[in-house]
Amino acid sequence: MQKIIKIKGMTCGHCERRVQKNLKGICGVTSADVSATDKKAIVELIYEVDSTDFETAVKESGYEVIGIE
């Protein structure tokens, strides 16, 4: 299962690593590919995860979720 999280505010590799670390810390997430250039994260899941978990992880990284597909 895969989710695409659109993120506002990322500008560099440091931003990517911070968001990636927090997303990978969510139970059920197996991988997170984060791109500051594309302003999104592609997250692989082993089961459904509540959207608020993604929003919290991104917010704790200092950025804002603007959409989840």
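In the range 1-34, the residue that is surrounded by the most Cβ atoms within 10 Å (Cβ to Cβ) out of those that are in contact with an Asp or Glu (Cβ under 7 Å, 6 or more places away or on another chain) and either among the small types (Gly, Ala, Ser) or assigned to a helix (DSSP H, G or I) (or both) is Asn22.
Just the residues that are surrounded by 15 or more Cβ atoms within 10 Å (Cβ to Cβ), part of a helix (DSSP H, G or I) and not charged (D, E, K, R), please, taken from the range 38-69. Of everything in the range 38-69, those that are surrounded by 15 or more Cβ atoms within 10 Å (Cβ to Cβ), part of a helix (DSSP H, G or I) and not charged (D, E, K, R) turn out to be Phe54, Ala57, Val58, Ser61.
Coordinate-derived values only; no laboratory data. The shown structure was predicted, so the numbers you read here are calculated from the model rather than taken from an experiment. Positions of Cβ are generated from backbone atoms using ideal geometry, with glycine treated the same way; all protein chains shown enter the neighbour counts.
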